Amino acid sequence: MKKNWKNMFKLGGVTAAALFLAACGNDTAEEGNGTVDGEVTEDVSLEIALTPQWKGVYSADEDGADYDSFLNEAAKLYMDENPNVTIDVQVIPSDQRDSQLSVGLDTDSLPNVFFDSTFALSSWPHQGVALPLDDVISDDSKADISDSLWENVTIAEEIYYYPFAQNQGTLVYNADMFEAAGLEEYIGGEEEIISWTTEEFKEILTTLKDTNPDAAPLGFFAVNEQGDTWTQMYMRAFGNEFYGDDGMLVLNEDTGVEAMDYILELDEAGLLVEGAESLNSNDVNAMFQNQELAVSFTNTVLYNNMLADMDSNVIDEFDARLANAPAAEGVDPSAFTYITGSMVFDTEDEAENTVAKDFVKFYSEHPELVNASTNTLPVRSSVSEDNDDLPFLAAYNANADNIVSFSNNTAAYSELRSVFFPEIQAALIKEKNSQEALDSFVEKGNDIIKRGNEQSFIID
């Protein structure tokens with residue numbers, strides 16, 4: 001099911017010879033699975049896809065560090081031990097993932113493994129094209145990774161993603177601009193994630209606008225679904241939980257409407273970047289790095305990459321610090337974490353499936369490669385303990401109590417996202433008021449959730 005993956009993503013080069021070849025003649029091989037006692041006995045070619053995560057294997061300042069460095073290193077080590085295996089790694093843009101995987105499903109050209117934030121792959125197990133990984137996860141790994149993380153990658157009591165790292169999402173702010181505006185009391189420590197109330201946040205943004213005409217106070221975006229997890233955090237600012245106990249959307253309740261009204265009030269006061277409805281997350285991230293914004297969004301990977309770019313003079317250096325999305329007095333602030341990990345597509349080739357799962361196990365449990373998770377946040381207690389002096393690790397761990405589940409393990413989360421941002425856009429351009437926009441989202445979204453549950457191959 002992966003014949004034309006490279007061509008489909010137009011990344012150059014010729015189509016990989018990714019076909020399962022003849023057996024090497026070992027009569028003791030288990031029929032069709034291509035291995036004997038864990039050793040690959042047949043020629044197998046795998047295609048591994050990922051969206052940009054971190055640069056380098058262990059550090060972004062490595063020579064030639066790029067987004068495919070880690071998996072290419074893992075592939076090299078695995079192929080050294082298994083010379084019958086060929087592994088090709090391809091990076092694809094995040095905003096092309098959903099459409100291209102849909103095409104891949106229709107054309108029998110899915111990759112063997114996809115490495116990404118697990119929420120972004122949440123619909124595929126429900127479509128019956130992903131393989132459970134329970135049989136390749138060691139008992140030591142199950143004990144080394146917290147139950148809460150395993151719960152986030154478990155659907156219908158089976159594990160469909162092997163967690164490798166996590167990537168906590170927060171806000172980021174230019175502390176130099178805060179200081180110049182006389183906002184020292186709202187500046188957290190260099191390795192602290194500070195929290196502000198909604199009233200404090202409005203005061204901060206207003207002061208920034210009045211004192212710095214060269215930078216917009218707050219970056220916001222709504223042109224597509226990318227980065228909408230941060231929008232969700234704003235929508236929880238007055239206590240809305242987004243999903244009810246039955247898994248259905250409740251964002252149109254009073255607390256959700258109050259949050260949407262709050263965003264619109266900020267926009268009306270000129271505190272949001274101009275034209276937020278037509279900006280995407282990449283636009284806003286670039287604006288913050290160019291110091292055209294005072295407050296923006298970030299996650300562990302984006303933040304580390306930005307600091308590395310400052311160190312290497314790719315961008316001008318400034319004091320960038322972290323904060324949670326604002327929350328009303330008496331409401332806990334909201335943050336989220338992307339669990340980064342691997343999913344194995346069922347290509348209907350038993351040898352490929354077996355080797356693909358073994359490769360995922362290899363780099364997810366490798367005693368050295370697991371340390372690459374320090375590029376974001378480790379999921380393994382053992383890695384955190386070995387790197388307790390890692391910058392920001394203590395702050396992120398302390399912020400874990402503010403983590404919310406933004407996807408709720410919804411069967412059709414990808415489709416749900418597609419009807420969220422248009423309603424945010426409609427509110428920003430005043431086509432709808434807050435209640436109308438959120439009523440529309442909840443109606444469409446709940447239809448999607450119900451249909452997703454009914455069509456799921458793994459939900460009874």
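The values are calculated or read from the model by the stated rules, or taken from the named source; none is laboratory data. Please read these numbers as outputs of a predicted model, since none were measured by experiment. Using ideal geometry, Cβ is built from the backbone for each residue, glycine included, and neighbour counts are taken over all protein chains shown. Only protein heavy atoms, including side chains, enter the accessible area calculation; ligands, DNA and RNA are left aside. Shrake-Rupley method; radii C 1.70, N 1.55, O 1.52, S 1.80 Å.
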Legend entry - Accessible area of the chain divided out per residue, in Å², using a probe of 1.4 angstrom: 42 Å²
Legend entry - Spin-label model distance (nm) - E199 vs S278, 7 Å beyond Cα toward Cβ: 3.7 nm
Legend entry - Accessible surface of R417 - all protein chains present, 1.4 Å probe, nearest 10 Å²: 10 Å²
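What percentage of the solvent-accessible surface of the chain, computed with a 1.4 Å probe over protein heavy atoms, is contributed by carbon and sulfur atoms?
Here it works out to 43 percent.
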Inset, instruction - Please work out how much accessible surface I459 shows to a 1.4 Å probe, ignoring ligands, DNA and RNA, in Å² rounded to 10. - result: 60 Å²
Legend entry - Added length on full extension, which subtracts the Cα-Cα distance from 0.36 nm per residue, D388 to Q127: 90.0 nm
Inset, instruction - In nm, give the distance between the simple-model label positions of K76 and D108, each being 7 Å from the Cα along the Cα-to-Cβ direction. - result: 3.5 nm
Inset, instruction - Positive end of the charge dipole of the chain (Lys, Arg +1 and Asp, Glu -1 on Cβ, about the Cα centre): tell me which of V295, N387, P213 has its Cα farthest that way. - result: P213
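Quote to one decimal, in nm, the extra length available between E368 and N397 on full extension: 0.36 nm per residue of separation minus the C-alpha distance between them. Mind showing how you got there, number by number?
Numbers: separation 29, 0.36 × 29 = 10.44 nm, distance 2.22 nm.
Full-extension gain reported as 8.2 nm.
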Inset, instruction - Assign unit charges at the C-beta atoms only (+1 for Lys and Arg, -1 for Asp and Glu), then state the dipole size of the chain relative to its Cα centre in Debye, rounded to the nearest 20. - result: 1120 debye
Inset, instruction - Using the Karplus curve 6.51 cos²θ - 1.76 cosθ + 1.60 with θ = phi - 60°, work out ³J(HN,Hα) for each residue of segment 356-372 in order, rounded to whole Hz, and write x for Gly and Pro. - result: 4, 5, 5, 5, 4, 4, 4, 7, 7, 10, 4, x, 9, 4, 4, 6, 5
Inset, instruction - Considering only protein heavy atoms, with the full assembly of protein chains and a 1.4 angstrom probe, order I204, I429 by accessible area, largest first. - result: I429, I204
Inset, instruction - Taking H placed 1.01 Å from N in the peptide plane, check which residues at least 5 places from Q168 or on another chain put their amide H under 5 Å from its amide H. - result: T300, Y338
Legend entry - Taking the chain and dividing mean pair separation by its residue count, relative contact order in percent (alpha carbons under 8 Å, at least six apart): 25 percent
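Compute, for segment 85-150, the length of the dipole vector about the Cα centre, with Cβ point charges of +1 (Lys, Arg) and -1 (Asp, Glu) only. Units Debye, rounded to 20. Spell out each step's value before the answer.
Details: 2 positive and 12 negative charges, 37 e Å.
It works out to roughly 180 debye.
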Inset, instruction - Please calculate the 1.4 Å probe accessible area of Y396, with all protein chains present, and give it to the nearest 10 Å². - result: 10 Å²
Inset, instruction - Assuming R0 = 51 Å, can you tell me the calculated FRET efficiency for the pair I458 and E190, based on Cβ-Cβ distance, to the nearest 0.05? - result: 0.70
